[in-house]
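Take this structure first; my questions come after.
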Amino acid sequence: MMTLWGRKSSINVQKVLWILAELGLVEGRDFERIDAGLHFGVNKTPEFLALNPNGLVPTLRDGELILWESNSIMRYLAHKYADRKRFSLDLAQMAASDKWLDWQLTTLWPALRIPFLGLTRIPEAERDYAAIHKTFQESNQLLRILDDVLSKEAYCSGPNFHLGDIVLTLCVKRWFMLSDQYPDKTGPRAELNHIARWYDQICKSTQFTKAVE
Ligand SMILES: N[C@@H](CCC(=O)N[C@@H](CS)C(=O)NCC(=O)O)C(=O)O
């Protein structure tokens with residue numbers, strides 16, 4: 001049985017939990033999950049560091065294979081369970097999706113994680129609202145790129161839901177939620193209607209709301 005280490009509240013663990021659910025894999029039957037990270041600890045123990053020297057979650061063990069990096073784990077699972085035909089592994093489709101996985105990791109999340117951590121983990125009195133506001137605006141600008149794509153396509157990489165949509169939805173979920181954390185409850189979130197339509201569709205037609213708490 002595969003083992004996944006990671007707390008359910010982590011965006012990167014949620015990517016893996018969601019793809020496992022899309023592939024029809026069930027916790028307790030097809031994989032076991034061990035809570036790790038933040039208050040659960042575990043991820044800095046010598047045993048864990050021997051598996052993942054970064055001391056981060058998610059980490060997956062499948063037989064002899066130890067994997068870390070959430071997007072790599074997603075690609076591995078999509079290929080391993082190709083027979084379930086949930087995600088097309090066509091070369092062009094995978095490449096179109098892959099670019100969004102890279103963009104999420106290298107471009108969107110580095111901007112969005114600053115208001116996310118600032119507004120959810122740092123006590124109000126210690127928050128740097130100037131930095132939070134600036135990076136929230138940068139996130140708005142980046143998400144306009146996605147919104148523009150979604151004005152022409154149903155999903156980020158074409159007509160079908162794919163891996164890129166999973167990682168972007170989890171960022172957008174946090175972006176939606178952040179405005180509520182502002183003291184005046186408005187926040188600087190831009191109106192991006194194509195993203196709103198796409199997000200609603202994903203809530204209705206995928207395992208998102210069941211897999212991600
Ligand atoms: N690039 C890595 C980043 C992993 C990462 O930063 N994980 C965070 C949770 S989202 C973590 O383990 N933080 C330490 C903790 O939770 O204690 C990935 O995509 O898997």
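Of the listed peptides 85-94, 158-167, what is their order by residue-averaged count of other C-beta atoms within 10 Å, with the highest listed first? All intermediate terms of the calculation are to be shown ahead of the outcome.
Numbers: 85-94: 14.0, 158-167: 21.5.
The peptides rank, most packed first, as 158-167, 85-94.
Could you list, in their original order, any pairs among K85/K210; K44/K204; K134/K204; K8/K152 whose Cα atoms are separated by more than 27 Å?
K44/K204; K134/K204; K8/K152
Just need the relative contact order of the chain here, percent rounded to a whole number, with Cα pairs under 8 Å and 6+ apart.
Dividing the mean separation by the residue count of the chain yields 22 percent.
Shifting gears a bit: Residue by residue, what Karplus-based ³J(HN,Hα) values in Hz, rounded to whole numbers, does the range 200-206 have, using 6.51, -1.76 and 1.60 with θ = phi - 60° and x for Gly and Pro?
4, 4, 5, 4, 7, 10, 10
Next up: With labels modelled as points extended 7 Å from the Cα through the Cβ direction, what inter-label distance (nm, one decimal) is found for D128 paired with N193?
Placing both labels 7 Å along Cα→Cβ, they lie 3.7 nm apart.
Still on this structure, I have one more. Starting from the Cα-Cα distance between T106 and S9, subtract it from 0.36 nm times their residue separation and give me the gain in nm to one decimal. Mind showing how you got there, number by number?
Values: separation 97, 0.36 × 97 = 34.92 nm, distance 2.08 nm.
My answer for the length gained is 32.8 nm.
Taking θ = phi - 60°, what integer Hz values does the Karplus form 6.51 cos²θ - 1.76 cosθ + 1.60 yield along the range 23-31, in sequence order, with x for Gly and Pro?
8, x, 8, 10, 5, x, 9, 9, 8
Rounded to the nearest 0.05, what FRET efficiency is calculated for R29 and N160 with R0 set to 30 Å and r the Cβ-Cβ distance?
0.65
Here is a follow-up. Highest mean first, what order results for 147-153, 175-181 on Cβ atoms within 10 Å? Can you show the working numbers first?
Numbers: 147-153: 15.0, 175-181: 16.7.
Answer by packing, highest mean first, reads 175-181, 147-153.
Along Cα→Cβ, 7 Å out, is where each label goes; now give me the distance between the ones at R84 and F176 in nm to one decimal.
So the two model labels end up 2.3 nm from each other.
Additional query: Evaluate E = 1/(1 + (r/R0)^6) for I145 and E213, where r is the Cβ-Cβ distance and R0 equals 25 Å; express this FRET efficiency to the nearest 0.05.
0.30
Would you pull out the residues with amide H under 5 Å of N43's amide H, same chain only if 5 or more places away, H placed 1.01 Å from N?
Here G37 satisfy the definition.
Read-outs: derived from the displayed coordinates by stated rules, not from any lab. These figures come from a predicted structure and were not determined experimentally. FYI the Cβ positions are ideal-geometry reconstructions off the backbone, even for glycines, and counts take in every protein chain you see.
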